[in-house]
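The values are calculated or read from the model by the stated rules, or taken from the named source; none is laboratory data. Fair warning: this is a prediction, and the values are worked out from it, not measured in the lab. Neighbour counts are summed over all protein chains in view; Cβ atoms, including those assigned to glycine, are modelled from backbone coordinates with ideal geometry.
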C-alpha cells in the first residue's frame, strides 16, 4: 500500500507540516559546491584539455581530440531520417505548435514623440548567442530541445549551441533529430558542470555564449549559479511539481495517473492533490494503489509520493485557492467544472491546465506553451521560459533643443541635490541662456 501523507488544511499544525513538505533547497551541499568549483575553474583555465579529462572521467568516453566532441550537422539529419516515422511526425508537430505559440510572444520596439520633439522609446534586440543544456544519462529529452531552442530561434538568436552528455558514447537519435528540426547551430557531447563552464567561458573548441538555458542535475544547477554574471541563466530549477485541484467529479484513475506523471521524473519530485471531497481522496488513493504496479518507473514514483507527495483535504474552494497560491506550483491542474472562473483568483502558478480533459503531460510535449517552468515556489516571482528570455531591451532617448532646455533644468536641480556637480553641469551645458 502507498504511504502518502493525508493532510487536512483545517487541522492544527497544518501550516508547519506543509512548510516542511514544500521545503527544498536546490543547491545546498557544500561538497557538491567544492566539486563544481574545481571543475568550473579547471575548464576556465585549461579549456579543451579539461573537457577531455572530465568527459573521460564522468562520461567514460575517451576521445583523441576535442574536435570529436562536436556532432556534425550531417549526423543530426541522419538521425532525423533514421528515427521511426511516428516519432518524426510527433517531433515536427510539437515543434510547429511550440513555434506558433511563441511567435505570439515576440516583443516589438516602440517609441513616441513628446510635444517639444523629444523622442523616447525602447529597442528590442535578440541575444547574440545562447547555450542549451539538454539532459542525458538516465533518460533522453528531445522535448527539452524543442522547448528551449524554438523560443530562442523565434527571438532571433543568431547562434544556438547545444550540449548533451553521452555517457559511454550513447546518444539519443530523437535528441539529435530534434536538434535538426529546431535548426540548432552546433551540438557538443558534453555534460555536467564542465559543459556549463565551457559555454560560459569558451574553450578552443566550444564557443562562449551570452546565456545558458536548460535543465540539469544538481551539478549543472550549481554550475549555472556559479557562472551567473559572466553569462545569463534561465533559472535554477528544482524537482518537478504538480498540484491537482479536483472537485471530486473527475475519474479518479485520471487524477492518479496525473500525479504519477510528475512523480516518475525522480525521487524528489512532488505531487499534491487538493480536494474538498474526502471520499474522492479515498478513491484516488485506491486508484493509485491499483495502478502503481502497472507503472515501469513504480519504484521512483512510490518514493517521490511517499517522501514529498500529499493529499490535502480542504473545506471549500476558497481554502483550495489559498493552498494553490501558497504552494505556487510549477504545474497546476484545475480538474473542475468551470476552471476559467478561478483564473482571476490564481496569482502563483507556472502553467495552468484547465478542465477535466487537460492532462499536464500534454503541456510537457505538444500543447504549445513552454514546459520550462518555475519550481520550488518561485512562481511567486518567475514566469515560464519564453521568447522574452532571449530578447533584451535598450531604452531610447533623443532630446530636441527645447526638450534639452526643459529637462536639463530639472536634471540640474536633482543632481545638485545629490551632490553630483558634474552631472548638473552636463545637464545644464545644453540649456539656452
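Restrict the check to region 123-131 and report whether at least one residue is under 30 Å from residue 43 (Cα atoms) and crowded, with 23+ Cβ neighbours inside 10 Å. Yes: one or more hits.
Considering only residues in region 235-254 that are over 17 Å from the mean Cα position of the chain (by Cα) and assigned to a strand (DSSP E or B), the one that is farthest from residue 41 (Cα to Cα) turns out to be 246. Residues in region 1-59 that are in contact with a strand residue (DSSP E or B) (Cβ under 9 Å, 6 or more places away or on another chain) and closer than 22 Å to residue 238 by Cα: 4, 5, 17, 18, 21, 22, 24.
For every residue, the table says whether it meets (1) in contact (Cβ under 8 Å) with a residue 40 or more places away in the chain; (2) touching a helix residue (DSSP H, G or I) at 6+ places or on another chain (Cβ under 8 Å); (3) at negative phi.
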{"position": "165", "(1), (2), (3)": "yes, yes, yes"}
{"position": "173", "(1), (2), (3)": "yes, yes, yes"}
{"position": "177", "(1), (2), (3)": "yes, yes, yes"}
{"position": "185", "(1), (2), (3)": "no, no, yes"}
{"position": "192", "(1), (2), (3)": "yes, yes, no"}
{"position": "211", "(1), (2), (3)": "yes, yes, yes"}
{"position": "221", "(1), (2), (3)": "yes, no, yes"}
{"position": "231", "(1), (2), (3)": "yes, yes, yes"}
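Just one of the listed residues (419, 363, 355) is surrounded by 18 or more Cβ atoms within 10 Å (Cβ to Cβ) and either farther than 20 Å from residue 239 by Cβ or in contact (Cβ under 8 Å) with a residue 12 or more places away in the chain (or both), namely 363. Would you confirm, using the coordinates I've provided, whether residue 232 is in a loop (DSSP other than H, G, I, E, B) and within 18 Å of the chain's Cα centre (by Cα)? Criteria not met by residue 232. For first residues located in region 397-408 and part of a helix (DSSP H, G or I), partners that are crowded, with 19+ Cβ neighbours inside 10 Å and at pLDDT 95 or above and lie 6+ apart or on another chain with Cβ distances below 7 Å form the pairs 408/427.
Of all the listed residues (64, 41), the sole one being farther than 21 Å from residue 270 by Cα and surrounded by 14 or more Cβ atoms within 10 Å (Cβ to Cβ) is 41. Sub-7 Å Cβ pairs linking a first residue in region 29-50 that is over 16 Å from residue 220 (Cα atoms) to a second residue that is modelled with pLDDT under 95, at least 6 apart or interchain, are 48/66, ordered by first then second residue. Can you say whether residue 266 is over 27 Å from residue 65 (Cα atoms) and either outside the structural domain of residue 349 (by TED's automatic domain parsing) or within 20 Å of the chain's Cα centre (by Cα) (or both), as far as the supplied structure shows? So residue 266 fits the description; yes. Taking interchain pairs and intrachain pairs at least six residues apart, which have beta carbon atoms under 8 angstrom, with the first residue in region 5-28 and in the same structural domain as residue 218 (by TED's automatic domain parsing) and assigned to a loop (DSSP other than H, G, I, E, B) and the second surrounded by fewer than 15 Cβ atoms within 10 Å (Cβ to Cβ) and modelled with pLDDT under 90? So the pair list comes out empty. For region 370-383, residues that are part of a loop (DSSP other than H, G, I, E, B) and surrounded by 19 or more Cβ atoms within 10 Å (Cβ to Cβ) total 8. The set of residues from region 238-264 being under 23 Å from residue 386 (Cα atoms) and either buried (at least 21 other Cβ atoms within 10 Å of the Cβ) or without any contact (Cβ under 8 Å) to a residue 12 or more places away in the chain (or both) comprises 238, 240, 241, 242, 243, 262. Any residue that is touching a helix residue (DSSP H, G or I) at 6+ places or on another chain (Cβ under 8 Å), assigned to a helix (DSSP H, G or I) and either assigned by TED's automatic domain parsing to the domain that holds residue 19 or at pLDDT below 95 (or both) - is there at least one of those in region 353-360? Yes, region 353-360 has at least one match. For region 105-119, the count of residues that are surrounded by fewer than 24 Cβ atoms within 10 Å (Cβ to Cβ), within 19 Å of the chain's Cα centre (by Cα) and within 26 Å of residue 228 (Cβ to Cβ) is at least one.
If you go through region 192-229 and keep only what is surrounded by fewer than 21 Cβ atoms within 10 Å (Cβ to Cβ), at pLDDT 95 or above and in a loop (DSSP other than H, G, I, E, B), you end up with 202, 204, 205, 207, 208, 210, 229.
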